[in-house]
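Report on the following structure.
The values are calculated or read from the model by the stated rules, or taken from the named source; none is laboratory data. This one's a predicted model, so the numbers in the text were calculated from it and none came from an experiment. Don't worry about glycine lacking a Cβ; one is built from the backbone with ideal geometry, like all the others, and counts go over all protein chains shown.
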Amino acid sequence: MSAGERALEFVQDGMTVGLGTGRAANAFVEALGRRVAEGLRVRGVPTSARTEALAKRLGIALVTLAEAGSLDLCVDGADEVDEQLDLIKGYGGALVREKIVAASARQLVILIGPEKLVKRVGERGKLPVEIVPFGLPLCTRRLEALGCKPVRRASEADASQPYVTDNGNWILDCGIATLADAAGFEREVLAIPGVVGTGLFVGMADAIVVEWPERDEVRTRSR
């Protein structure tokens, strides 16, 4: 059973579900689409235009966050998950919408492969930070003062142009070291004028599903 299929165990008929962005989230959306075709009734809130297009193609009923209010569940992927179930997300570029949808949900379930497991967030050396384009000079200087090495993410279609999020913003991919105090570091980054959000998801995940080659494993946060 894949992690996407295993995550269906968290879904009940009638739920409103946040739909994440990226490869792992796509696998869940595809599995959910198959269940919807069999009669499962759910409503989805997508975290990106890409996920919205996929869900529509699969026949999943969609609502806006305003229409949904609070969500029952959000299922997404992550780029790092540490031993405390803290996360780094955003390599796929949807970090701010993903965090808004995750924070709107009663339960956040994260799907990963074992290569995403780390002892402490920051080990892979990159933290995406979404910024207002006008703030690029200030955000760059302030992030450098915090010890980061920010690089403006380039468009996949044209490397000479910036990557633009669904919110119309830019992303700085910040070179970082392992974070001893992820929550404190995030507060410092968010205090920079022009920063919209970071890829740090501290204390948010309720469960992760790890897809090992021969099995899948569910880990839950102790509350």
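General observations
- Total residues in segment 164-220, condition of a type in the set (D, E, K, R), assigned to a loop (DSSP other than H, G, I, E, B) and assigned by TED's automatic domain parsing to the domain that holds Leu138: 2
- Selection count where residues are touching a residue at least 40 places away in the same chain (Cβ under 8 Å) and out of contact with any strand residue (DSSP E or B) (no Cβ under 6 Å at 6 or more places or on another chain), scope segment 201-215: 4
- Filtered residue count, segment 113-136, keeping only those that are surrounded by fewer than 14 Cβ atoms within 10 Å (Cβ to Cβ), of a type in the set (D, E, K, R) and out of contact with any Ser or Thr (no Cβ under 9 Å at 6 or more places or on another chain): 1
- Residue in segment 87-97 that is not in a loop (DSSP other than H, G, I, E, B) and not hydrophobic (A, V, I, L, M, F, W, C) present: yes
- Looking only at residues in segment 156-165 that are within 15 Å of Tyr91 (Cβ to Cβ) and not aromatic (Phe, Trp, Tyr), the one that is surrounded by the fewest Cβ atoms within 10 Å (Cβ to Cβ) is Glu156.
- Restricting attention to segment 63-82, the residues that are in a strand (DSSP E or B), in contact with a Lys or Arg (Cβ under 6 Å, 6 or more places away or on another chain) and of a type in the set (Val, Ile, Thr) total 1.
- With respect to (1) buried (at least 21 other Cβ atoms within 10 Å of the Cβ); (2) in a strand (DSSP E or B); (3) outside the structural domain of Ala78 (by TED's automatic domain parsing), the lone exception for Val109 is condition (3).
- Test: residue in segment 124-133 that is touching a Lys or Arg at 6+ places or on another chain (Cβ under 7 Å), closer than 24 Å to Leu19 by Cα, of a type in the set (Asp, Glu) and part of a strand (DSSP E or B): no
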